[in-house]
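Have a look at the structure below before the remarks.
The values are calculated or read from the model by the stated rules, or taken from the named source; none is laboratory data. Since we're looking at a predicted model, the values are computed, not measured. Don't worry about glycine lacking a Cβ; one is built from the backbone with ideal geometry, like all the others, and counts go over all protein chains shown.
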Amino acid sequence: MPRKIIIDTDPGVDDTMAIFFALCSPELDVIGLTTIFGNVDTELATMNALRLLEIAGRPDIPVAPGALNPLTKDFEGPVPFVHGADGQGDIDLPEPAGAPLDISAAQFIVEQVSANPGEITLAPVGPLTNIALALRLEPRIADWVDEVVLMGGNALVPGNASPAAEANIRNDPEAADLVFGADWQVTMVGLDVTLRVRMSPDDIADYATHGNPMSEHISRVLPHYRNYFESNYDVEGIFVHDSSAIAYLIAPELFQTRRWPIRVGTQGLGRGKTWPATGGHILPAWENRPLVNVCVGVDGERLVALEAERLREA
Ligand code: BDR
Ligand code: CA
């Protein structure tokens, strides 16, 4: 039986790859996309989610629009220098034919999880606002969700949105602290591993040879994103963020994990930093917090090969 997942996403170039990777993987049954601000604003994220499902030939999968702003502040704005003003590498896509659901992302999550207790895994690859709102709406989803496997955070390495914090968590640290503090199994696929998964220029070029609409779209959206990485990091190609969370769902044996409680900094320069209590004396702020499965090691080459293989066979 494939594992039912809801991908909560801010597409986003790497979100695009992650969504396609999941759709091409027989181990997973994507039962919905929920959208969130981050790489773009929520309205554009919703339009892009619809566009991507149409490119993939899966317009039957519902899209539920998410929150417009983080729990306690206004959204600080998109990152066109990373993902393009359209979130898709500035390639001028047509409007989607379909429309989103008229219920919110949080309502959709609660409805689906309540109707399928124990069966649904949440895969957030953007800021965690919708997940926190779903928990607020129905706290019992913590018992009914199979697992939360998220891309975000940085346990033992610096951030990417600030020296302290990873972008998804920094966009809504209050929501993240609620998600890491709820009594459910969370796996954090953060920068500790995603900065060790690199798609090389040759790997990228290979997508152009697959001959299917998803790989073709990936080839079109990647140049802008790749340019951001090559101009800002000492890397050839790109780091693989969101697809790493999907890879964990398919092939967890590619990862090494540690189990630590996590708190999220909400103040000052440390806003958005995920702080694991890695040992020794546990301070009160970390007491009685659930243990998070934190990914600390990864076989990046096998991960990149797995994703390429899935897209090639699409
Ligand atoms: C995360 O931030 C976004 O830019 C990416 O889509 C990914 O989810 C990486 O820090
Ligand atoms: Ca993302």
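Overview of values
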| quantity | calculated |
| --- | --- |
| Single condition residue 249 does not satisfy, out of (1) modelled with pLDDT of 95 or more; (2) touching a Phe, Trp or Tyr at 6+ places or on another chain (Cβ under 9 Å) | (2) |
| Filtered residue count, segment 174-190, keeping only those that are under 20 Å from residue 73 (Cβ atoms) and either more than 16 Å from ligand 2 (Cβ to nearest atom) or without any contact (Cβ under 8 Å) to a residue 24 or more places away in the chain (or both) | 5 |
| Residue match in segment 94-103 (condition: within 16 Å of ligand 1 (Cβ to nearest atom), closer than 21 Å to residue 21 by Cα and outside any helix (DSSP H, G or I)) | no |
| Single residue of 154, 116 found to be of a type in the set (S, T, N, Q) and either over 21 Å from residue 290 (Cα atoms) or surrounded by fewer than 24 Cβ atoms within 10 Å (Cβ to Cβ) (or both) | 116 |
| Filtered residues of segment 191-214 (kept if of a type outside the set (A, V, I, L, M), assigned to a helix (DSSP H, G or I) and either more than 22 Å from residue 299 (Cβ to Cβ) or modelled with pLDDT under 95 (or both)) | 213 |
| Hits in segment 113-148 (condition: in contact with a strand residue (DSSP E or B) (Cβ under 7 Å, 6 or more places away or on another chain) and more than 16 Å from residue 177 (Cα to Cα)) | 113, 116, 118, 119, 120, 121, 122, 123, 145, 146, 147 |
| Residue tally, condition assigned to a helix (DSSP H, G or I) and crowded, with 20+ Cβ neighbours inside 10 Å, over segment 165-180 | 10 |
| So residue 44, is it of a type in the set (A, V, I, L, M), assigned to a loop (DSSP other than H, G, I, E, B) and either surrounded by fewer than 19 Cβ atoms within 10 Å (Cβ to Cβ) or touching a residue at least 40 places away in the same chain (Cβ under 8 Å) (or both) | no |
| Condition broken by residue 262, with the remaining ones in (1) out of contact with any Cys (no Cβ under 9 Å at 6 or more places or on another chain); (2) over 17 Å from residue 17 (Cβ atoms); (3) surrounded by fewer than 19 Cβ atoms within 10 Å (Cβ to Cβ) satisfied | (3) |
| Hits in segment 9-25 - residues which are near ligand 2 (Cβ under 9 Å from one of its atoms) and either of a type in the set (Phe, Trp, Tyr) or under 16 Å from residue 248 (Cβ atoms) (or both) | 9, 14, 15, 18 |
